[in-house]
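Notes to accompany the following structure.
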Amino acid sequence: MKILKVLENTEIVVVDLEVNLGKEKRNGLTLCVKYKGDFYPLNTAHDGRPILMNKENAIKN
């Protein structure tokens, strides 16, 4: 592996994230990166699986 660059102006935050699972809503603490005003979950709120930090997964604040 190789680090290509380090992103500036980022924060690691823990958010209480609500997700829809079918007809049910669940929430859970989720590790996120805050970057340029958007939040990027680093794991899923319902089962904690890791996910990639990409624009498709961004949550607008």
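Under 5 Å from the amide H of T44 lie the amide H atoms of R49, I51, each residue being 5 or more positions distant or on a separate chain, with H modelled from the backbone and absent for Pro and chain starts.
Extension gain for M1-R26 works out to 5.5 nm (0.36 nm per residue, less the C-alpha to C-alpha distance). For the chain, with all protein chains in place and a probe radius of 1.4 Å, 53% of the accessible heavy-atom surface sits on carbon or sulfur. By the rule of a C-alpha distance below 27 Å, with chain neighbours fewer than 8 residues away ignored, the lysines paired with K23 are K55, K60.
Residues in the range 3-8 carry Karplus couplings, in order, of 7, 7, 6, 9, 6, 8 Hz; the curve used is 6.51 cos²θ - 1.76 cosθ + 1.60 with θ = phi - 60°, and Gly or Pro positions show x.
Along the range 21-26 the Karplus relation, 6.51 cos²θ - 1.76 cosθ + 1.60 evaluated at θ = phi - 60°, assigns HN-Hα couplings of 10, x, 8, 9, 10, 10 Hz to successive residues, with x for each Gly and Pro.
Heavy-atom accessible surface of the chain, averaged per residue, reaches 85 Å², computed with a 1.4 Å probe. Net charge in the neighbourhood of T10 (other residues with Cβ under 14 Å of its Cβ; Lys, Arg +1, Asp, Glu -1) is 0. What distance in nm separates the simple spin-label points at N9 and I51, each placed 7 Å from Cα in the Cβ direction? It is 2.4 nm. Our coupling estimate for the range 51-56, obtained by passing each phi through the Karplus curve with A = 6.51, B = -1.76, C = 1.60 and θ = phi - 60°, is 10, 6, 7, 9, 4, 5 Hz, Gly and Pro reported as x. For the chain, the normalised intensity computed at q = 0.12, 0.13, 0.29, 0.30 Å⁻¹ comes to -0.32, -0.37, -1.33, -1.36 (log10 of I(q)/I(0), Debye sum over alpha carbons, equal scatterers, no solvent). Only aspartates and glutamates eight or more places from K5 in sequence, or on another chain, were considered; those with a Cα closer than 20 Å are D38.
The values are calculated or read from the model by the stated rules, or taken from the named source; none is laboratory data. On a predicted model such as this, the values are computed, not experimentally measured, just so you know. Every residue, glycine as well, gets a Cβ built from its backbone with ideal geometry; the counts of neighbours run over all protein chains shown. Please note that ligands, DNA and RNA were not included when accessible areas were found on the heavy atoms of the full protein model with its side chains. Shrake-Rupley method; radii C 1.70, N 1.55, O 1.52, S 1.80 Å.
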